[in-house]
Amino acid sequence: MSLGRINSQVNLSALAKMMSNAGLQRMMFTDNFKQQAKHLKQLLKKNGVEVEKKSYVSELINSSYEHLLTHYRHEYLYKVALLNSYVLNNYSLSDTILLNEFKIGNSKADTILINGTNKVFEIKTELDSPERLYTQINDYYKGFSEVYIVIHHSEIGKYLNCVDDHVGIMTFSKHHTIDLFKPAQTYNEKLDILVMMKALRKEEYLQLVYEITGKLPEATPVRMFKACINLLSSYSVLDVQNTFLKIIKQRISLSTNDLVQDPSVPDILRLACYHYNLNQNQYISLIERLTHQI
């Protein structure tokens, strides 16, 4: 492999890191915004993208997005497409939330959607392999009822026989949208109260126990979790799941919804703003930063 090729992959990876959930939040919502924006401009040049001597930050972000869509379709781009072309076209954010990197069992679900139903989306880009897929899906079914894998449209054959019939399949299309290839079937046989409880923060699992049983166990802090599990053991796993979903749905502020759908917010930024729980003051600052010239 030539040095030029190595440098190309290094530069693409660095650009992808800036165009990620954490990278975009770091650039758009921290004090060193100008330094981050200048670095982005430098990375675009290193990747062979022509940029104007003076460019708006929004232009730099959009150029990065387009370049990565062609040359390095990393996970965040799939998540952006999932929000923009699937979620916003099929659901209302007023009663739907998305959770990012949700830990369940020994795995982290890339994206979870909760409204009247609940769905897990496991993203496998062309940069990934199906190596851990079986274990991941098995973990997801311990807390959720519908699981989808999201793959590039060219890799359907690679993944079709890797998953059970009740697992849904979505594809990242050549038009950069997420399309439904095969719907998931509701599957509740593996739901596990212990795994759901461990996925919650302490105040959340205490809320769950109180809402279901009407009381909290009398136990020392060290023994509280085990006492809660014992208390729930006589209740239906589906009742526990319903409350579990209701509680984790509270993690996203619904006031963010209108702001992230504003046309002034670039497509690639919308998801990062959503997971940042963008408020009105932050939105005003964001728009100012997008119109700043570097």
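The values are calculated or read from the model by the stated rules, or taken from the named source; none is laboratory data. Please read all numbers here as calculations on a predicted model, not as lab measurements. Reconstructed Cβ throughout: ideal geometry from the backbone, glycine too, with neighbour counts over all protein chains shown.
Tabulated results
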{"quantity": "Sole exception among (1) in the same structural domain as ILE104 (by TED's automatic domain parsing); (2) crowded, with 16+ Cβ neighbours inside 10 Å; (3) part of a loop (DSSP other than H, G, I, E, B) for TYR187, by number", "calculated": "(1)"}
{"quantity": "Yes/no for PRO217 being surrounded by fewer than 14 Cβ atoms within 10 Å (Cβ to Cβ) and not assigned by TED's automatic domain parsing to the domain that holds ASN106", "calculated": "no"}
{"quantity": "Flag for ARG223 being of a type in the set (D, E, K, R), outside the structural domain of MET28 (by TED's automatic domain parsing) and modelled with pLDDT of 95 or more", "calculated": "yes"}
{"quantity": "The lone exception for ASN281 - which of (1) at pLDDT below 95; (2) over 23 Å from the mean Cα position of the chain (by Cα); (3) surrounded by 19 or more Cβ atoms within 10 Å (Cβ to Cβ) it fails", "calculated": "(3)"}
{"quantity": "From the options SER63, SER129, SER85, SER154, residue that is in the same structural domain as LYS41 (by TED's automatic domain parsing) and either under 30 Å from LEU43 (Cα atoms) or among the hydrophobic types (A, V, I, L, M, F, W, C) (or both)", "calculated": "SER63"}
{"quantity": "Residue match in region 30-51 (condition: in contact with a strand residue (DSSP E or B) (Cβ under 8 Å, 6 or more places away or on another chain) and modelled with pLDDT of 90 or more)", "calculated": "no"}
{"quantity": "Output for region 60-95, where each listed residue is assigned to a helix (DSSP H, G or I) and either on the phi > 0 side of the Ramachandran plot or among the aliphatic types (A, V, I, L, M) (or both)", "calculated": "LEU60, ILE61, LEU68, LEU69, LEU77, VAL80, ALA81, LEU82, LEU83, VAL87, LEU88"}
{"quantity": "Any pair with Cβ under 6 angstrom, 6 or more apart, that starts in region 110-123 at a residue that is in a strand (DSSP E or B) and ends at one that is among the polar types (S, T, N, Q)", "calculated": "ASN118/SER145; PHE121/THR111; GLU122/GLN136"}
{"quantity": "Selection within region 135-162 - over 17 Å from ILE112 (Cα atoms), in contact with a strand residue (DSSP E or B) (Cβ under 6 Å, 6 or more places away or on another chain) and free of Cβ contacts under 8 Å to residues at least 60 places away in the same chain", "calculated": "HIS153, TYR159"}
{"quantity": "Any pair with Cβ under 6 angstrom, 6 or more apart, that starts in region 283-294 at a residue that is under 11 Å from VAL265 (Cα atoms) and ends at one that is surrounded by 15 or more Cβ atoms within 10 Å (Cβ to Cβ) and polar (S, T, N, Q)", "calculated": "LEU290/SER58"}
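Residues are listed down the side, and each one gets a yes or a no for (1) part of a helix (DSSP H, G or I); (2) surrounded by fewer than 17 Cβ atoms within 10 Å (Cβ to Cβ):
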| residue | (1), (2) |
| --- | --- |
| ASP139 | yes, no |
| VAL147 | no, no |
| GLY157 | yes, yes |
| LEU160 | yes, yes |
| ILE169 | no, no |
| LYS174 | no, yes |
